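Quick notes on the structure that follows.
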Amino acid sequence: MLPEGGTPADMEIKVSLSLPRDEISIPVVRRICTQSLKVLGVSQECIDDVELALTEACANVLLHAQAEDEYEVSVGVDNEVAVIEVSDRGGGLDTSFETVFESERTARPSLDGVAPENVPEQGRGIFLMRALMDHVQFHRVEGPQRGTRVHLEKMLVWEESAPGAQLSRTRRTTGPWGSARPPKAADEPV
(Lines give C-alpha, C1' and ligand atoms only; values in the text may rest on other atoms or scores of the structure.)
Protein backbone atom coordinates (compact mmCIF):
# COMPACT_ATOMS: atom_id res chain seq x y z
CA MET A 1 0.00 0.00 0.00
CA LEU A 2 1.35 3.42 -0.95
CA PRO A 3 1.38 6.38 1.40
CA GLU A 4 -1.06 9.24 0.76
CA GLY A 5 -0.04 11.09 -2.38
CA GLY A 6 1.11 8.00 -4.27
CA THR A 7 4.87 8.13 -3.79
CA PRO A 8 6.48 4.98 -2.48
CA ALA A 9 8.80 4.95 0.49
CA ASP A 10 12.40 5.05 -0.60
CA MET A 11 14.15 1.75 -1.04
CA GLU A 12 16.93 1.12 1.46
CA ILE A 13 19.00 -2.04 1.80
CA LYS A 14 21.65 -2.50 4.48
CA VAL A 15 24.19 -5.27 4.96
CA SER A 16 26.77 -5.47 7.75
CA LEU A 17 29.57 -7.99 7.90
CA SER A 18 32.04 -8.76 10.65
CA LEU A 19 35.11 -10.39 9.14
CA PRO A 20 38.40 -11.83 10.34
CA ARG A 21 41.49 -9.86 9.42
CA ASP A 22 42.46 -12.37 6.75
CA GLU A 23 43.18 -12.02 3.03
CA ILE A 24 40.36 -14.42 2.12
CA SER A 25 37.81 -11.99 3.59
CA ILE A 26 38.43 -9.38 0.88
CA PRO A 27 37.05 -11.37 -2.09
CA VAL A 28 34.14 -12.52 0.09
CA VAL A 29 33.04 -9.00 1.04
CA ARG A 30 33.71 -7.73 -2.47
CA ARG A 31 31.55 -10.45 -4.02
CA ILE A 32 28.67 -9.89 -1.58
CA CYS A 33 28.68 -6.17 -2.33
CA THR A 34 29.06 -6.39 -6.09
CA GLN A 35 26.50 -9.18 -6.51
CA SER A 36 23.99 -7.15 -4.49
CA LEU A 37 24.52 -4.16 -6.76
CA LYS A 38 24.19 -6.37 -9.85
CA VAL A 39 20.91 -7.85 -8.63
CA LEU A 40 19.54 -4.34 -8.09
CA GLY A 41 20.60 -3.34 -11.62
CA VAL A 42 23.38 -0.84 -10.97
CA SER A 43 25.50 -0.12 -14.07
CA GLN A 44 28.62 -2.23 -14.47
CA GLU A 45 30.90 0.82 -14.55
CA CYS A 46 29.51 1.98 -11.20
CA ILE A 47 29.89 -1.54 -9.75
CA ASP A 48 33.51 -1.69 -10.95
CA ASP A 49 34.30 1.60 -9.20
CA VAL A 50 32.71 0.44 -5.93
CA GLU A 51 34.44 -2.95 -6.15
CA LEU A 52 37.93 -1.46 -6.54
CA ALA A 53 37.44 1.19 -3.84
CA LEU A 54 36.07 -1.42 -1.42
CA THR A 55 39.03 -3.70 -2.16
CA GLU A 56 41.46 -0.88 -1.38
CA ALA A 57 39.68 0.01 1.88
CA CYS A 58 39.72 -3.63 3.02
CA ALA A 59 43.37 -4.06 1.98
CA ASN A 60 44.24 -1.10 4.23
CA VAL A 61 42.70 -3.02 7.13
CA LEU A 62 45.06 -5.93 6.49
CA LEU A 63 48.00 -3.54 6.57
CA HIS A 64 47.06 -1.45 9.61
CA ALA A 65 44.66 -3.32 11.93
CA GLN A 66 45.72 -5.53 14.80
CA ALA A 67 46.37 -9.12 13.70
CA GLU A 68 43.87 -10.71 16.08
CA ASP A 69 41.06 -8.27 15.41
CA GLU A 70 38.04 -8.49 13.17
CA TYR A 71 36.92 -5.65 10.95
CA GLU A 72 33.48 -4.58 9.89
CA VAL A 73 32.05 -3.64 6.52
CA SER A 74 28.65 -1.97 6.31
CA VAL A 75 26.97 -1.34 2.97
CA GLY A 76 23.82 0.71 2.55
CA VAL A 77 22.10 1.23 -0.78
CA ASP A 78 19.14 3.49 -1.41
CA ASN A 79 17.58 4.96 -4.54
CA GLU A 80 20.52 7.25 -5.21
CA VAL A 81 23.70 6.25 -3.43
CA ALA A 82 25.75 3.36 -2.10
CA VAL A 83 27.39 4.10 1.25
CA ILE A 84 30.16 1.81 2.45
CA GLU A 85 31.99 1.97 5.76
CA VAL A 86 35.00 -0.16 6.57
CA SER A 87 35.98 -0.05 10.26
CA ASP A 88 39.00 -1.63 11.87
CA ARG A 89 40.39 -1.78 15.37
CA GLY A 90 43.92 -0.82 14.51
CA GLY A 91 46.02 1.95 15.93
CA GLY A 92 43.84 4.61 14.33
CA LEU A 93 44.99 7.30 11.95
CA ASP A 94 48.30 8.87 12.76
CA THR A 95 48.75 12.62 12.41
CA SER A 96 51.00 12.37 9.36
CA PHE A 97 48.28 10.39 7.55
CA GLU A 98 45.68 13.06 8.31
CA THR A 99 48.00 15.89 7.27
CA VAL A 100 48.90 14.29 3.94
CA PHE A 101 45.26 13.87 2.94
CA GLU A 102 43.79 17.02 4.50
CA SER A 103 44.70 19.02 1.39
CA GLU A 104 42.95 16.47 -0.83
CA ARG A 105 39.57 16.95 0.89
CA THR A 106 38.83 19.99 -1.26
CA ALA A 107 39.82 18.54 -4.62
CA ARG A 108 38.84 15.14 -5.91
CA PRO A 109 41.82 13.53 -7.63
CA SER A 110 41.38 12.02 -11.05
CA LEU A 111 43.11 9.06 -12.63
CA ASP A 112 43.14 10.89 -15.97
CA GLY A 113 46.50 12.41 -16.81
CA VAL A 114 48.24 11.24 -13.64
CA ALA A 115 51.07 8.80 -14.07
CA PRO A 116 51.03 6.05 -11.42
CA GLU A 117 54.69 6.74 -10.61
CA ASN A 118 53.69 10.25 -9.48
CA VAL A 119 51.51 8.87 -6.69
CA PRO A 120 53.45 7.61 -3.65
CA GLU A 121 53.10 3.83 -3.28
CA GLN A 122 51.84 4.19 0.30
CA GLY A 123 48.96 6.43 -0.89
CA ARG A 124 47.84 4.73 -4.10
CA GLY A 125 44.90 2.93 -2.52
CA ILE A 126 43.62 6.15 -0.99
CA PHE A 127 44.19 7.95 -4.29
CA LEU A 128 42.14 5.27 -6.08
CA MET A 129 39.32 5.45 -3.52
CA ARG A 130 39.13 9.22 -3.91
CA ALA A 131 39.23 9.02 -7.72
CA LEU A 132 36.56 6.31 -8.01
CA MET A 133 34.07 7.37 -5.36
CA ASP A 134 32.02 10.55 -5.05
CA HIS A 135 32.79 11.11 -1.37
CA VAL A 136 35.57 9.65 0.82
CA GLN A 137 36.27 10.38 4.47
CA PHE A 138 38.62 8.91 7.04
CA HIS A 139 37.70 9.00 10.71
CA ARG A 140 39.75 8.16 13.75
CA VAL A 141 37.68 6.04 16.14
CA GLU A 142 38.57 6.82 19.76
CA GLY A 143 37.82 4.93 22.95
CA PRO A 144 38.56 1.40 24.08
CA GLN A 145 38.04 0.08 20.52
CA ARG A 146 40.36 2.55 18.75
CA GLY A 147 40.66 2.26 15.03
CA THR A 148 39.85 3.79 11.69
CA ARG A 149 36.59 4.10 9.76
CA VAL A 150 36.69 4.70 6.02
CA HIS A 151 33.45 6.19 4.67
CA LEU A 152 32.85 5.81 0.91
CA GLU A 153 29.89 7.08 -1.12
CA LYS A 154 29.05 6.46 -4.77
CA MET A 155 26.09 7.94 -6.64
CA LEU A 156 24.34 5.07 -8.36
CA VAL A 157 23.77 4.82 -12.08
CA TRP A 158 21.00 2.36 -12.94
CA GLU A 159 20.68 0.08 -15.94
CA GLU A 160 17.49 0.50 -17.92
CA SER A 161 14.63 -1.42 -16.28
CA ALA A 162 16.78 -2.12 -13.20
CA PRO A 163 14.87 -3.66 -10.29
CA GLY A 164 16.44 -1.19 -7.86
CA ALA A 165 15.41 1.79 -9.97
CA GLN A 166 11.88 0.43 -10.31
CA LEU A 167 11.60 0.14 -6.53
CA SER A 168 12.05 3.90 -6.31
CA ARG A 169 9.75 5.05 -9.12
CA THR A 170 6.50 6.82 -8.40
CA ARG A 171 3.60 4.47 -8.93
CA ARG A 172 0.01 5.23 -9.76
CA THR A 173 -2.22 5.76 -6.74
CA THR A 174 -5.11 4.16 -8.54
CA GLY A 175 -3.67 0.67 -8.81
CA PRO A 176 -4.33 -1.68 -11.71
CA TRP A 177 -8.10 -1.07 -11.54
CA GLY A 178 -7.95 2.58 -12.56
CA SER A 179 -9.57 3.75 -9.34
CA ALA A 180 -8.45 4.32 -5.77
CA ARG A 181 -10.11 1.06 -4.67
CA PRO A 182 -10.54 -2.29 -6.32
CA PRO A 183 -13.94 -2.81 -7.94
CA LYS A 184 -16.63 -4.21 -5.67
CA ALA A 185 -18.05 -7.63 -6.34
CA ALA A 186 -21.66 -7.62 -7.59
CA ASP A 187 -22.99 -9.20 -4.39
CA GLU A 188 -20.94 -7.01 -2.03
CA PRO A 189 -22.86 -4.29 -0.19
CA VAL A 190 -21.93 -0.75 -1.13
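The values are calculated or read from the model by the stated rules, or taken from the named source; none is laboratory data. Keep in mind that this is a model prediction, so the values were computed, not measured. Note: ideal-geometry Cβ built from the backbone for every residue, glycine included; neighbour counts use all protein chains shown. The accessibility values were calculated without ligands, DNA or RNA, using every heavy atom of the protein model including side chains. Shrake-Rupley method; radii C 1.70, N 1.55, O 1.52, S 1.80 Å.
Just to be sure, is Ser36 over 19 Å from Gln166 (Cβ atoms), among the small types (Gly, Ala, Ser) and out of contact with any Phe, Trp or Tyr (no Cβ under 6 Å at 6 or more places or on another chain)? Answer is no for this residue.
Of everything listed in (1) open to solvent by less than 10 Å² (accessible area, probe 1.4 Å); (2) in a helix (DSSP H, G or I), the single unmet condition for Val73 is (2).
Among the residues making up region 139-165, those that are surrounded by fewer than 18 Cβ atoms within 10 Å (Cβ to Cβ), out of contact with any strand residue (DSSP E or B) (no Cβ under 6 Å at 6 or more places or on another chain) and either at pLDDT 90 or above or on the phi > 0 side of the Ramachandran plot (or both) are Gly143, Val157, Glu159, Ser161. Within region 36-51, the residues that satisfy the criterion of being part of a helix (DSSP H, G or I) and more than 17 Å from Ile126 (Cβ to Cβ) are Ser36, Leu37, Lys38, Val39, Leu40, Gln44, Glu45, Cys46, Ile47, Asp48.
Cβ separations smaller than 6 Å between residues 6+ apart or across chains give the following pairs from region 29-45 residues that are farther than 24 Å from Val61 by Cβ to residues that are open to solvent by 50 Å² or more (accessible area, probe 1.4 Å) and part of a helix (DSSP H, G or I): Leu40/Pro163; Gly41/Pro163.
Residue-by-condition table, conditions (1) open to solvent by 70 Å² or more (accessible area, probe 1.4 Å); (2) assigned to a helix (DSSP H, G or I); (3) modelled with pLDDT under 95; (4) of a type in the set (A, V, I, L, M, F, W, C):
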| position | (1), (2), (3), (4) |
| --- | --- |
| Gly6 | no, no, yes, no |
| Glu23 | yes, no, yes, no |
| Ala53 | no, yes, no, yes |
| Asn60 | no, yes, yes, no |
| Val77 | no, no, yes, yes |
| Gly90 | no, no, yes, no |
| Thr99 | yes, yes, yes, no |
